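The values are calculated or read from the model by the stated rules, or taken from the named source; none is laboratory data. A quick note: this is a predicted structure, and the numbers were derived from the prediction, not measured. Note that each Cβ is placed from the backbone with ideal geometry, even for glycine, and that neighbours are counted across all protein chains shown. Just the protein is used for accessible areas: all its heavy atoms, side chains included, with ligands, DNA and RNA removed. Shrake-Rupley method; radii C 1.70, N 1.55, O 1.52, S 1.80 Å.
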Amino acid sequence: KVTIAEIQGNADESPLENYIVTTSGVVTATFDNEAPYTDAGFTANLTGFFLQDPTGDDDETTSEGLYIYTEEKVNVGDSIDVTGLVAEMYGITELKDVSEIVVHGSGANLPEIVEVTLPMSADKSLEQFEGMRIKITNEMTVTENRQLHTYGQVRLSASGLLQTVTQVVEPYDESGAYNASAIDAHMAASDANSIMLDDANSASNPSPIPFLQEGEAMVAGTTVNNLTGILAYDFGMYRIYPTAAPEFNYAQNEELPDMGDATLNVATFNVLNYFNGNGDGTGFPTSRGASSVEEFTRQSQKIVAALQAMDADVVGLIEIENDEDENTSAMKSLVDSLNTAIGAEAYDFVKTGKVAAYSDGYADEIKVGFIYKPATVELVGDYAILNNAFSENFNDQFNRPAVAQSFKEIATNEVFTAVVNHLKSKGSDCDDIGDPNLSDQQGNCNGTRAKAAATLVEWLETDPTGSNDPDFLILGDLNAYAMEDPIDTLKKLEYVNLVEGDFSYVYDGQYGTLDYALANQTLHAQVSSTAIWHINSLYPDMLSYFGDEAYFQPNAYRSSDHDPVIVGLKLTGTAVEPTKGDAAVIAYPNPFTDGVSIRFTSKVDAEVTVRIYNAVGAEVATRALQVQAGTTTTSLNIQDLPSGMYYLSVKEWNVNTILIKAE
């Protein structure tokens with residue numbers, strides 16, 4: 001006869017694996033087709049029971065609990081001897097092939113619950129409590145809810161919403177070396193802070209869905225207290241089978257962000273394979289979207305609800321069906337549905353037709369495009385498409401062709417150009433084009449995305465829409481997290497990430513940004529606000545159009561799998577209010593010939609760099625100047641510039657003004 005501690009040992013696997021042994025203890029939980037705790041509202045159905053030694057061996061490194069896998073029935077509180085084969089099953093130590101159970105008594109006091117705080121200290125591990133009664137002392141946060149309706153489980157974190165490693169850690173340090181220690185530390189911390197709350201039911205698609213109160217959704221950010229139960233291990237994670245009711249503080253729906261004093265709102269929204277079949281109610285299931293006309297109706301209701309609430313003047317759409325601009329197109333269907341909901345012809349769309357790659361006419365099933373409000377903006381010139389006709393560095397067999405369009409704000413006559421993108425996903429590899437996964441946490445096709453990002457800026461510098469205006473806004477799903485090479489590339493080319501520090505997507509319970517708005521220097525000074533509206537990443541799939549019909553609501557929440565990004569603009573051709581140094585910049589005369597006088601008014605002494613950009617946003621000259629408190633007047637002599645329109649920018653104070661050099 002051996003103790004449970006001897007079976008468990010002080011390592012992940014039992015030192016007695018494959019031995020037939022007899023051990024003893026008190027039955028602590030059965031989960032045998034019964035509610036795991038009073039008023040749970042759902043049923044557990046694990047085969048077998050958990051046994052714990054009430055005495056223990058005074059060795060903190062060994063667990064006193066054990067899972068007994070058997071069809072034999074026992075009761076909680078039974079004191080028993082059990083004989084069986086020691087095995088490791090999916091990471092948990094168990095006794096199986098049970099040959100004998102001897103019940104010595106019933107109604108025994110259960111072993112005391114062990115209090116556990118996450119993350120554990122360096123000298124401890126959850127392994128030493130495997131199979132035992134525990135209570136998590138932390139307030140835990142729901143960080144992943146995708147498996148709630150499929151397997152009855154949610155991932156909890158002791159450190160709030162977990163972040164994807166390359167959202168916060170650069171894959172390579174300044175010397176170019178792989179940032180292994182920081183990456184490993186971040187990933188280890190995520191694991192150490194995590195545990196799975198499991199309904200102790202092995203069936204998929206449980207009904208009713210556990211851990212929900214009527215009228216509530218398990219929105220990520222929901223907090224949990226009184227997490228008490230049996231600690232187990234399965235499918236690569238420690239999990240707790242509750243034996244007492246967890247106390248939930250359910251997170252509520254996030255309201256639409258306040259965009260402040262913006263006069264124009266521009267958004268980007270991934271609409272999750274918006275396919276309308278043949279456009280006449282037939283043609284379902286579609287290849288990527290709704291499987292029936294009923295599903296498409298639900299999808300349309302949710303997408304329209306999100307767009308109507310955002311009320312943006314321009315929206316760059318991603319993952320909409322790539323078809324022609326006829327009456328049956330997905331784009332027209334969406335705009336018609338949106339206008340019907342609004343009750344007016346509020347929106348129109350940029351008519352690109354079917355967007356194809358350049359090299360062989362290949363057309364992906366999905367495309368990007370724009371909808372806009374004709375009452376607030378006008379199209380300036382034609383749209384432009386970036387594919388590999390411009391450069392082979394933009395591989396349009398993998399990246400979807402980008403679409404650019406210039407818009408004029410009717411109220412101010414100011415112009416800006418937006419380009420909407422959908423770069424190659426991380427899902428499938430790019431091995432055939434010499435871009436393998438480097439196992440640096442950036443996923444498949446990172447080089448393909450980075451080249452596309454650099455090419456995008458190069459293309460915009462040619463003013464592809466012919467706007468003759470320097471303001472550019474990059475939008476869309478770039479399929480790269482904030483510290484990855486594509487985003488670093490755009491920032492090095494002086495585009496400002498307007499959603500720094502936020503998130504738009506969740507994968508495996510970890511959050512990061514895949515959806516972006518990046519402004520070049522001249523437009524950045526005219527951005528008044530930016531927000532990501534978290535209507536999708538925080539929500540379980542069961543609320544989506546293809547989820548559980550019982551939980552469907554025709555609202556914006558879980559309308560897609562990506563959160564929309566909204567940018568508020570205050571377009572102006574003159575200097576804006578400074579944000580640093582309580583300073584002002586005035587440049588004159590306007591127009592100028594070979595020189596321009598610049599007058600600085602500041603309350604502090606400062607060193608500033610004056611940058612001159614041409615009409616397409618390329619920097620053509622810089623000057624470092626010392627500015628004294630008070631008023632300083634100086635002159636820039638720029639004889640070598642041709643006549644035309646330029647932007648003078650002082651980045652330190654986030655101000656700019658238009659300069660026109662005359663003949």
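No other residue among D440, D396 is touching a strand residue (DSSP E or B) at 6+ places or on another chain (Cβ under 7 Å), assigned to a loop (DSSP other than H, G, I, E, B), at negative phi and not aliphatic (A, V, I, L, M) apart from D440. Evaluation of A550 against the conditions (1) assigned to a loop (DSSP other than H, G, I, E, B); (2) over 23 Å from L256 (Cα atoms) shows that the sole unmet condition is (1).
Of all residues in segment 468-494, those satisfying the criterion of being under 18 Å from Q405 (Cα atoms), in contact with a helix residue (DSSP H, G or I) (Cβ under 7 Å, 6 or more places away or on another chain) and either at pLDDT below 95 or polar (S, T, N, Q) (or both) are P470, D471. Among the residues that make up segment 563-582, is at least one of them over 19 Å from R611 (Cβ atoms), assigned to a loop (DSSP other than H, G, I, E, B), open to solvent by less than 10 Å² (accessible area, probe 1.4 Å) and modelled with pLDDT of 95 or more? Yes, because at least one residue in segment 563-582 is over 19 Å from R611 (Cβ atoms), assigned to a loop (DSSP other than H, G, I, E, B), open to solvent by less than 10 Å² (accessible area, probe 1.4 Å) and modelled with pLDDT of 95 or more. Elements of the type strands (runs of 3 or more DSSP E) sitting completely within segment 128-170 and holding at least 3 residues that are touching an Asp or Glu at 6+ places or on another chain (Cβ under 7 Å), buried (at least 21 other Cβ atoms within 10 Å of the Cβ) and at pLDDT 95 or above: these cover 153-157. The one condition from (1) open to solvent by less than 30 Å² (accessible area, probe 1.4 Å); (2) more than 29 Å from G381 (Cβ to Cβ) that T340 does not meet is (1).
Please go through segment 171-187 and give me each residue that is open to solvent by 20 Å² or more (accessible area, probe 1.4 Å) and in contact (Cβ under 8 Å) with a residue 24 or more places away in the chain, ordered by number. Result: Y172, Y178. Here V304 meets each of (1) modelled with pLDDT under 95; (2) closer than 26 Å to E365 by Cα with one exception, condition (1). The residue pairs whose first member lies in segment 245-269 and is under 30 Å from L197 (Cα atoms), whose second member is part of a strand (DSSP E or B), and whose beta carbons are closer than 6 Å, counting only pairs six or more residues apart or on different chains, are P246/V224; P246/L227; E247/N225; F248/V224; N249/T223. Scanning segment 617-660 for residues that are part of a strand (DSSP E or B), within 45 Å of the chain's Cα centre (by Cα) and at pLDDT below 70 yields V655, N656, T657, I658, L659, I660. Of all residues in segment 343-358, those being open to solvent by 20 Å² or more (accessible area, probe 1.4 Å), assigned to a loop (DSSP other than H, G, I, E, B) and either touching a helix residue (DSSP H, G or I) at 6+ places or on another chain (Cβ under 9 Å) or without any contact (Cβ under 8 Å) to a residue 12 or more places away in the chain (or both) number 5. Note on segment 265-316: among residues that are in a loop (DSSP other than H, G, I, E, B) and of a type in the set (A, V, I, L, M, F, W, C), the one that is most open to solvent (accessible area, probe 1.4 Å) is F284. Within segment 361-382, the set of residues being in a strand (DSSP E or B) and open to solvent by 40 Å² or more (accessible area, probe 1.4 Å) comprises E378, L379, G381, D382. Among the residues of segment 188-202, those that are open to solvent by 20 Å² or more (accessible area, probe 1.4 Å), in a helix (DSSP H, G or I) and touching a residue at least 40 places away in the same chain (Cβ under 8 Å) comprise A189, A192.
The set of residues in segment 1-30 being crowded, with 22+ Cβ neighbours inside 10 Å and in contact with a helix residue (DSSP H, G or I) (Cβ under 7 Å, 6 or more places away or on another chain) consists of T23, G25.
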